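Visitor: Below is a structure I'd like to ask you about.
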Amino acid sequence: MDISFERHKNCLVVNILGDIDHHFADLVRDRIDNEAVESGAKNIVFDLSKVDFMDSSGIGMIIGRYKYTLNKGGFTAVTGLSVNLKKLMLLSGLYRIIKIYDSVEAAEKAV
Amino acid sequence: MEYDNEMEVSFKAAGENEAFARTVVCAFILGLDPCIRDMNDIKTAVSEAVTNSIIHGYFGSKSGCVRLWCGISKTTVYIEVADDGKGIENIPLAMEPLYTGRPDMERSGLGFTIMQSFMDDVKVESAVGKGTRVFMSKQLGRAEQE
């Protein structure tokens, strides 16, 4: 399990490697928030192309970051969704508030 | 009911054991040659049930034990996740989409909704102060027919 960040203009790209369950979501939450504050970015893009598994804890974690960017007047987006993650996005209704893009570049263009 | 095969493990109610729980179920049912969709659905449902025991049953205290049982009958997988935690006062309310018993945490309130959507059947029994038992089943192979 690992997490890394890329700062692009007003956009913080969060690269996650591993399974996003309750345990991992708890570990990464503070790291993302600290990086978002430090970078001053008002938009967050999650690159989930290296995430094989996610459950409702991941949904909760992404909604939390969505609220953060909403308060900043920005947005939260996700890219690299597997079939399983897409199913979860549809079931949870998350796709209504979190935009899904085919690539990080496409998400950044939309900023 | 007689099962073709059964297994049971118990583990400390710690977050790091969520991955262990879903992995051990996947390893156990591997002999049935499940498709990836079925495997992912079962992994997700197990993860949700175990997470509930850890954060709701034991309130994240790591003081309790979670029991995971899995049975196989023909091509159907049966799973039980049980704890001796605080129990659920109102089961229909707890199973409502977006309801969370932990508004202090970033919970989506979708745990039971996901279990119900990803499995064929979900039953919940609970007694306040005694614990909760979630029983789920899924017949393998249906996803391929869809």
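Visitor: Magnitude of the Cβ-charge dipole of segment B:31-99, K/R +1 and D/E -1, about the Cα centre, nearest 20 debye?
Guide: So the magnitude is around 160 debye.
Visitor: Quick check on the protein assembly as shown: of the DSSP beta bridges with both residues there, what percent are antiparallel, nearest 5%?
Guide: The antiparallel proportion sits near 75 percent.
Visitor: So what is the 222 nm mean residue ellipticity for the protein assembly as shown from helices alone, if each DSSP H run of at least 4 adds -39500 (n - 2.57) and you divide by all residues, rounding to the nearest 500 deg cm²/dmol?
Guide: Value at 222 nm, helices only: -11000 deg cm²/dmol.
Visitor: Compute the distance from the alpha-carbon center of segment A:42-63 to that of segment B:69-89, in whole Å.
Guide: 28 Å
Visitor: When only Cα pairs under 8 Å and 6 or more residues apart are kept, what is the percent relative contact order across segment A:2-106?
Guide: With pairs under 8 Å counted, the relative contact order is 26 percent.
Visitor: So, one more: Report the paramagnetic label zone for B:Val24: residues of segment B:70-85 whose backbone N is under 15 Å from a point 7 Å from Cα along the Cα-to-Cβ axis.
Guide: It comes to B:70-71, B:79-84, nothing else.
Visitor: Something else: Which one of B:Ile72, B:Ile91, B:Ile114 has the biggest mean-square fluctuation once chain B is modelled by GNM with Cα springs under 10 Å?
Guide: B:Ile91
Visitor: Hey, another quick one. Which residue, A:Val45, A:Val83, A:Val14, tops the fluctuation ranking in a GNM of chain A built on C-alpha contacts under 10 Å?
Guide: For chain A, modelled as a Gaussian network with Cα springs under 10 Å, the answer is A:Val83.
Visitor: So who's got an amide H within less than 5 Å of the one on B:Cys65, skipping anything under 5 residues away but keeping other chains? H placed 1.01 Å off N, in plane.
Guide: When sequence neighbours closer than 5 places are left aside, the close amide H contacts are B:Ala13, B:Asp84.
Visitor: Separate question: In peptide A:82-90, what is the residue-averaged number of other protein chain Cβ atoms found within 10 Å of each Cβ?
Guide: Mean partner-chain Cβ count within 10 Å for A:82-90: 3.
Visitor: Which pairs, out of A:Lys50/B:Lys43; A:Lys72/B:Lys43; B:Lys12/B:Lys123, put more than 29 Å between their alpha-carbon atoms?
Guide: A:Lys72/B:Lys43
Visitor: By its C-alpha gyration tensor, with a ≥ b ≥ c as the square roots of the eigenvalues, how is the protein assembly as shown shaped: rounded for a/c under 1.5, else prolate for a/b larger than b/c, else oblate?
Guide: prolate
Visitor: From other protein chains only, count the Cβ atoms within 10 Å of every residue's Cβ in B:42-49, then give the mean.
Guide: 4
Visitor: If each Cα of segment A:2-106 is one equal point scatterer, what is log10 of I(q)/I(0) from the Debye formula at q = 0.10, 0.13, 0.18, 0.19 Å⁻¹?
Guide: The Debye formula, applied to the Cα set alone, gives -0.23, -0.39, -0.79, -0.89.
Visitor: With an 8 Å Cα cut-off and a minimum separation of 6 or more residues, compute the relative contact order for chain B in percent.
Guide: The normalised contact order for chain B reaches 27 percent.
Visitor: Which percentage, to the nearest 5, of the DSSP beta bridges contained in segment A:2-106 is antiparallel?
Guide: Looking only at bridges with both residues in segment A:2-106, the antiparallel portion is about 35 percent.
Visitor: Here's something else I'd like to know. Counting only heavy atoms of the protein chains, get the accessible area per residue of chain A (1.4 Å probe) and round it to a whole Å² value.
Guide: Ligands and nucleic acids excluded, the result is 47 Å² per residue.
Visitor: Let me ask something else about it. If I fit a long axis through the Cα atoms of helix B:17-29 and take the longest principal axis of the Cα atoms of chain B, what angle between them do I get, 0 to 90°, rounded to 10?
Guide: Between the helix axis and the principal axis of chain B, the angle is about 20 degrees.
Visitor: By the gyration tensor of its Cα atoms, with a ≥ b ≥ c the square roots of the eigenvalues, what is the shape of segment A:71-111: rounded for a/c under 1.5, prolate for a/b over b/c, or oblate?
Guide: Judged from the Cα gyration tensor, segment A:71-111 comes out oblate (a/c at least 1.5, b/c at or above a/b).
Visitor: Still on this structure, please answer the following. What average count of beta carbons from other chains do you get within 10 Å of the Cβ of residues in A:46-58?
Guide: 4
Visitor: Roughly how large is the B-A contact in terms of buried accessible area, totalled over both chains, probe 1.4 Å, nearest 100 Å²?
Guide: The B and A chains share an interface burying roughly 1800 Å².
The values are calculated or read from the model by the stated rules, or taken from the named source; none is laboratory data. Predicted model, so just to flag it, every value in this text is computed and none were measured. Here Cβ is always computed from backbone atoms with ideal geometry, including for glycine, and neighbour counts include all displayed protein chains. Areas reflect the complete protein model, heavy atoms only, side chains present, ligands, DNA and RNA absent. Shrake-Rupley method; radii C 1.70, N 1.55, O 1.52, S 1.80 Å.
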